[in-house]
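Taking it in order: structure first as structure tokens, then the write-up.
Laboratory data are not the source of any read-out in this text; all were calculated from the coordinates shown. The structure presented is a predicted model; accordingly, all values stated were derived computationally and were not measured. Cβ atoms come from the backbone with ideal geometry, glycine included; neighbour counts cover every protein chain shown.
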Amino acid sequence: MSRTSLRLALIAAGCGVASLAATLPNLARAEPAPSYQQLPAGLTQTPRATEANALADAAQARVRQALTRPNPTLAFSADNTFGTGPYKNCGGSDLSLSVEQNVDFWGRRSARTNIARADAGVASARRDLALIDASGQLALIYAEAEAAQKRAALAQEALTLALADARAAVALVEAGREPMLRAIQAESEAASARAALDEANAEELAAFARLTGLAMLAQPVTAIEASLLATASSAPLNQSDDAPAIRIAEAERLAAERRVAGERTNARLDVTASAGVTRYGLENETALTVGLSVSLPLFDRNRGNIDAARAEQTAAEARVLSARQDAMAERRGAVARLSSSTNRIAAADAGVTRPKKPIGSRGSAVRLGVSRNLNCGPPARR
């Protein structure tokens, strides 16, 4: 056997082994992933969602706490005791027992309740944002896994075409229609296609592993049957005003406004009412006592807290404007990327579906990626 025949035999054997190896990855694909619509139901158990739910529950608990009234104070006093003369012992002491209650005048209770409810609204919006972000990340990972599966399928098809090209080249070289370089070139392209398939299979396995971990699936998935990419391209984009970041910024602005009102309320007078009973030791008589105390705002008028609340309100208003601008920019960018992707898909479809030259004519090979589909029949004579 000549060196040329031996080389052709080795190339043909390599193509046969590669054909068998190309079919092996498909044998392991047996566990399909659930559809994307079934996966977000389990996102409430993720650590981020659990944290957001806990913070929202804490904010609701603060609302309930804000609704409660301050506790009364029980006071006991003994006057005119352990002195001299008739006050030498405790027998002549004046004993008083009273209850004091801070009164929520000037709308203090409603002010702190409004602040707590506004904070609860912020926590609720952040909880919704956490779920939306988790759903978006899951959709991205799901789409990446589906795209990796499609790329692996295309790489498999490219390898099949490259192997068919290599076998056709070997046949042409054996028939003396092509030089030996033609078979070597075809075998090199088949090896490149095999390497591309190995890389695509590795990326597919990694994408499925990320999907399994993020979706917290009990069994590792190895295939996707329900396509998300086919439905995502036709889904309408939401208006920028509905963006979760804008809703959070608006809730924070409302909370800042209510804090300003609450600090203004705190600057007003504190009123405390008291009622009790007093026993006069020398006369052995008992009488009721009532009292009313009011704080004097001579030094502390809560100016610093009011100014700080106003500054926070200004910052919250600026965050609302920034969130609106960011949402608008992201929406326009998403629209541009969607339009670009649609144009690329249309161009690719037009390139694939263009008419091919008749079989047997010169230049009938069509290249797809790293592979090409050659006519296995004899080439046209020059």
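Would you give the gap between the C-alpha center of the range 255-280 and the C-alpha center of the range 142-181, rounded to a whole Å?
Answer, in whole Å: 83.
List the GluC sites (Glu not before Pro) within the range 234-339 that DSSP assigns to loop and that have no more than 10 neighbouring Cβ atoms inside 10 Å.
Loop-located and lightly packed - GLU283.
Provide the packing ranking of 166-179, 147-160, 100-113, i.e. peptides ordered by the mean count of other C-beta atoms within 10 Å per residue, highest first.
Result, highest mean Cβ count within 10 Å first: 147-160, 166-179, 100-113.
What are the ³J(HN,Hα) values, in whole Hz, obtained from phi via the Karplus relation 6.51 cos²θ - 1.76 cosθ + 1.60 with θ = phi - 60°, for each residue of the range 176-185 in sequence order, with x given for Gly and Pro?
For the range 176-185, the Karplus curve yields x, 8, 9, x, 4, 4, 5, 5, 5, 4 Hz.
For a quick protection proxy, order the peptides 198-205, 132-139 by their average other-Cβ count within 10 Å, most packed first.
Highest to lowest by the protection proxy: 198-205, 132-139.
What is the Rg over Rh value, at two decimals, for the range 72-163, using alpha-carbon atoms and the Kirkwood definition of Rh?
Looking at the range 72-163, the ratio lands at 1.76.
Given a Förster radius of 45 Å and the C-beta distance between GLN65 and ALA218 as r, what FRET efficiency does 1/(1 + (r/R0)^6) yield to the nearest 0.05? Before the final figure, lay out the partial values.
On the way: r = 40 Å, r/R0 = 0.90.
It comes out at approximately 0.65.
Apply 1/(1 + (r/R0)^6) to the Cβ-Cβ distance of LEU154 and SER322, taking R0 = 45 Å, and write down the FRET efficiency to the nearest 0.05.
Computed FRET efficiency for LEU154 and SER322 comes out at 0.60.
Quick one: putting +1 on the C-beta of Lys and Arg, -1 on the C-beta of Asp and Glu, what dipole do you get for the range 99-189 around its Cα centre, in Debye to the nearest 20?
Result for the range 99-189 is approximately 560 debye, rounded to the nearest 20.
Where in the range 257-325 are there trypsin sites (Lys or Arg not before Pro) that are in a DSSP coil and have at most 13 other Cβ atoms within 10 angstrom of their Cβ?
Working: sites: ARG258, ARG259, ARG264, ARG268, ARG279, ARG301, ARG303, ARG310, ARG319, ARG324; in loops: ARG268, ARG301.
Passing sites in the range 257-325 are ARG301.
Placing one identical point scatterer on every Cα of the range 185-331 and ignoring solvent, what is log10 I(q)/I(0) from the Debye formula at q = 0.09, 0.17 Å⁻¹?
With no solvent term, the Cα-only Debye profile gives -0.71, -1.07.
How do 206-216, 57-67 rank on mean C-beta neighbours within 10 Å, highest first? Write down the numbers at each step before the final one.
Values: 206-216: 17.5, 57-67: 14.7.
Averaged packing, sorted descending, gives the order 206-216, 57-67.
Report the extension gain between ASP198 and ARG344 in nm, rounded to one decimal, defined as 0.36 nm multiplied by the number of residues separating them, less their alpha carbon distance. Can you show the working numbers first?
Working: separation 146, 0.36 × 146 = 52.56 nm, distance 2.59 nm.
Between ASP198 and ARG344, full extension yields 50.0 nm more.
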